[in-house]
Amino acid sequence: MGLGTVAVTGAAGTIGSAVREALGREARRLILLDRVPLRREAENEEIHTVDLRDLPAVEVALAGADRVLHLGGLPDEAPLPDLLQANVLGTHHVLEAARRTGIARVVLAGSNRVTGFYPVGHRTGPHEPVRPDGLYGVSKVAVEALGQLYADKFGLSVICLRIGSFERVPTEVRHLATWLSPRDAIGYVRAALTAAPSTRFATAYAVSANTRRFWELPDPAVLAYVPVDDAELHARDIPGAGLPSDPDAPQAGPYALPEFTLEHLTP
Ligand SMILES: NC(=O)c1ccc[n+]([C@@H]2O[C@H](COP(=O)([O-])OP(=O)(O)OC[C@H]3O[C@@H](n4cnc5c(N)ncnc54)[C@H](O)[C@@H]3O)[C@@H](O)[C@H]2O)c1
């Protein structure tokens, strides 16, 4: 299936840069948005330097897109006002521009950190109540809720990928469970962009086929991608990989510690 015209927000970022070439090969046109300037690298690319907080500018940039991959935003713990602006308001603007311009499919970058307080020993699925491990996780809960709202109320087709730890290779013990390889990231993104139009709203963890993973893989009826990489193949290079893990510890690991959030709270 061709991808038609695909818009990618946050295209200058880590994941945007990693999926750009693969999407560009299948898209008729690739609209790349970021607040930092990008360089055009292929004939079918179109660049927009846009802040997601600027709804009219987002709407102009997304005009004519068939599908949107929304990656733009703050990817980690930050003061709540910043997260509300970049992640919540930014996502609202992308969904609102999609509604106004009639875009068929929106793929949202959710995060595994919406459920970071479930224990390591608990195999977690996308339909369980959220347990965010910090303010960033809370902002991603709102991102998912906005997607659900726009699907239910306005009939948009929205797929929310709860992305694991996107890394070239896993480098820490937590990654043995949470790693998302570049190859699997491309697979998940492509599957989400092309999933059946009848899918109104779906949430799925985007994680590699890690032996130690604690999240369910997506329902194949919703997302037709089976991950291929396994962080276990890198375990011998990771200090502490052989030590037993505590099944009661939070899945978020150090992100669940109070200090991680406290430094972003005003005194
Ligand atoms: N990298 C991971 O392991 C991971 C894990 C879970 C979820 N995610 C989510 O995936 C998405 C992409 O992550 P990433 O690692 O590529 O992050 P990144 O920080 O490398 O990229 C994000 C991009 O968004 C842009 N951006 C931020 N605020 C913006 C604004 N107001 N207007 C326009 N552009 C703005 C930044 O300039 C940047 O290029 C994020 O939404 C992140 O929360 C990433």
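Each value in this text was obtained by applying a stated rule to the coordinates, not by laboratory testing. For clarity, every value in this text was computed on a predicted model and none was experimentally measured. Backbone-built Cβ (ideal geometry, glycine too); neighbour counts: all protein chains shown.
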Point to revise | Crossing angle, helix 14-26 versus the chain [Cα axis fit, 0-90 degrees, rounded to tens] | key: 50 degrees
Review point. Where in region 114-182 are there trypsin sites (Lys or Arg not before Pro) that are in a DSSP coil and have at most 13 other Cβ atoms within 10 angstrom of their Cβ?
Key: 123, 168
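Evaluate 2.2 N^0.38 Å with N set to the residue count of the chain, then give the Cα radius of gyration divided by it.
Values: Rg = 17.9 Å, N = 267, 2.2 N^0.38 = 18.4 Å.
Against the compact-globule rule of thumb, the ratio is 0.97.
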Review point. With point charges of +1 on the Cβ of Lys and Arg and -1 on the Cβ of Asp and Glu, referenced to the Cα centre of the chain, which listed residue (114, 10, 55) lies farthest in the positive direction of the dipole?
Key: 55
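Based on Cβ point charges of +1 for Lys and Arg and -1 for Asp and Glu, what charge dipole magnitude is obtained for the chain about its Cα centre, in debye rounded to the nearest 20? Each step should come with its number before you reach the end.
Numbers: 26 positive and 32 negative charges, 143 e Å.
Charge dipole, the chain, about its Cα centre: 680 debye, nearest 20.
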Practice item. Using only Cα positions of region 118-216, each an equal point scatterer, no hydration layer, compute I(q)/I(0) via Debye at q = 0.15 Å⁻¹ and quote the log10 values to two decimals. Key: -0.67
Check your understanding: Are there GluC sites (Glu not before Pro) in region 40-119 that DSSP marks as loop and that have at most 15 other Cβ atoms within 10 Å, and which are they?
Key -> 41, 43
Study note, to complete from the structure: Dipole check, region 11-100, charges on Cβ (K,R +1; D,E -1), about Cα centroid: among 81, 92, 36 the Cα furthest to the positive pole belongs to 92
**Study point:** For region 1-56, alpha-carbon Rg and Dmax in angstrom
**Key:** 10.8, 32
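Could you compute the net charge surrounding residue 56? Neighbours are other residues with a C-beta less than 13 Å from the C-beta of residue 56; K and R count +1, D and E count -1.
-2
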Review point. If you take the square roots of the eigenvalues of the alpha-carbon gyration tensor of region 204-267 and sort them as a ≥ b ≥ c, do you get rounded (a/c under 1.5), prolate (a/b over b/c) or oblate?
Key: oblate
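Tell me, what is the percent relative contact order of the chain, built from C-alpha pairs under 8 Å that lie six or more residues apart?
On the way: 583 pairs, mean separation 46.6, N = 267.
Computed over the chain, the figure is 17 percent.
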Review point. Of all trypsin sites (Lys or Arg not before Pro) in region 190-261, which ones are in loop regions per DSSP and have a Cβ with at most 16 other Cβ atoms within 10 Å?
Key: 200
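Would you tally the net charge around residue 98, using a Cβ to Cβ cut-off of less than 12 Å, leaving residue 98 out, and scoring K and R as +1, D and E as -1?
Values: positive: 67, 99, 100, 105; negative: 59, 66, 96.
Every neighbour counted, the sum reads +1.
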